[in-house]
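Read the structure below first, then the notes.
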Amino acid sequence: MESLAGRFATVTGGTRGIGRAIAERLLREGVAVAFCGRSGAAVSRAVEELEPLGRVFGMAADVTHPTAVRNFFQAVENAFGALDILVNNAGAAHFRKVGEMTGEDWHRHIDLNLNGPFHCTREALPRMIRRGGGSIINISSLAAKNAFSGGAAYNAAKAGLNAFSEALMLDHRHDNIRVTTVMPGSVETGFSGNPEKRAGDTSWMIAPEDIAEIVALVLKMPTRTMVSTVEVRPSRPRK
Ligand SMILES: NC(=O)c1ccc[n+]([C@@H]2O[C@H](COP(=O)([O-])OP(=O)(O)OC[C@H]3O[C@@H](n4cnc5c(N)ncnc54)[C@H](OP(=O)(O)O)[C@@H]3O)[C@@H](O)[C@H]2O)c1
């Protein structure tokens, strides 16, 4: 396995949940980690909490706004001078049947779960190619392949992300860019997706740290090998 020490990573949505666990895991590997979230207060708090683990940079930025994304990546470049790893993690879902969905609901899902990763990837690619390569991890969902009632906007956005991720991999593998799509099932976070599932006993759910462990393993694979897709499920989902 390759060492990640001395690498530079950017994680979107790093203030809590899966993104936060990935940031922590990478810091423990000796990676310098930049992250964003929309809430400036949450970013400042996370920077303070993560600083003891290593080199951290945080900034409030909304991944759905191309100008904010450009400014964020420029600020990361000013702080770190390099980018080796991008984790497109920021995402959310608010479930509604199609007949009850507004155009705004639809666009919000596509903007966050699909357009956001596109904007961030466009910023990351030239920087990685200049360095001779890099890794992009797209945090998708099993909802990308398993549609369910109320999930149309999220299902479609994550299915789009899977397709984007695969084409991106084919476009840039010869630039030494490795692209991995991670598709978790239910993860124990405050994810806006399905509050019902988060009521009561949640011990059956995947822990965010488990996803972070998988991301670290994928990144540490010898550079000759690319893990292109990972499906992750709770071993024993609630019946
Ligand atoms: N939890 C699950 O069961 C599960 C399952 C499969 C896939 N996933 C995927 O895993 C990813 C992380 O989910 P999670 O459960 O960890 O969610 P979470 O706990 O709600 O955390 C989401 C993170 O993203 C940030 N964020 C949200 N919208 C943003 C935006 N427009 N721009 C920048 N940052 C933004 C949030 O901070 P702010 O709110 O301050 O912006 C927060 O840091 C998502 O892509 C989700 O679809 C989750």
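Among the conditions (1) of a type in the set (D, E, K, R); (2) over 16 Å from Thr12 (Cα atoms); (3) outside any loop (DSSP other than H, G, I, E, B), the only one that Arg122 does not satisfy is (2).
This table checks each residue for (1) under 24 Å from Gly133 (Cα atoms); (2) in contact with a Cys (Cβ under 6 Å, 6 or more places away or on another chain).
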site: Asp62; (1), (2): no, no
site: Ala68; (1), (2): no, no
site: Phe72; (1), (2): yes, yes
site: Asp84; (1), (2): yes, no
site: Ala90; (1), (2): yes, no
site: Ala93; (1), (2): no, no
site: Arg96; (1), (2): no, no
site: Glu100; (1), (2): no, no
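Within segment 120-160, restricting attention to residues that are crowded, with 19+ Cβ neighbours inside 10 Å and among the polar types (S, T, N, Q), which residue is nearest to Thr225 (Cα to Cα)? Ranking the qualifying residues of segment 120-160, first place goes to Ser135. Candidates in segment 33-80 are the residues that are among the β-branched types (Val, Ile, Thr) and under 21 Å from Pro117 (Cβ atoms); of these, the one that is surrounded by the fewest Cβ atoms within 10 Å (Cβ to Cβ) is Thr67.
In segment 126-148, how many residues are in contact (Cβ under 8 Å) with a residue 24 or more places away in the chain and either farther than 22 Å from Ala159 by Cα or charged (D, E, K, R) (or both)?
Total meeting the criteria: 8.
Asn155 meets all of the listed conditions (1) part of a loop (DSSP other than H, G, I, E, B); (2) at pLDDT 95 or above but one, namely (1). Within segment 186-201, does at least one residue satisfy the condition of being away from the ligand (no atom under 15 Å from the Cβ) and of a type outside the set (Gly, Ala, Ser)? Yes, the conditions are met somewhere in segment 186-201.
Just one of Gly37, Gly13, Gly19 is out of contact with any helix residue (DSSP H, G or I) (no Cβ under 7 Å at 6 or more places or on another chain) and within 26 Å of Phe164 (Cβ to Cβ); which is it?
Values: Gly37 fails: out of contact with any helix residue (DSSP H, G or I) (no Cβ under 7 Å at 6 or more places or on another chain); Gly13 fails: out of contact with any helix residue (DSSP H, G or I) (no Cβ under 7 Å at 6 or more places or on another chain).
After applying the criteria, what remains is Gly19.
Flag: Val215 does not match the condition of being assigned to a loop (DSSP other than H, G, I, E, B), surrounded by 15 or more Cβ atoms within 10 Å (Cβ to Cβ), touching a residue at least 24 places away in the same chain (Cβ under 8 Å) and aliphatic (A, V, I, L, M).
The values are calculated or read from the model by the stated rules, or taken from the named source; none is laboratory data. Please read these numbers as outputs of a predicted model, since none were measured by experiment. Glycine also receives a Cβ, built like all others from the backbone with ideal geometry; neighbour counts cover every protein chain displayed.
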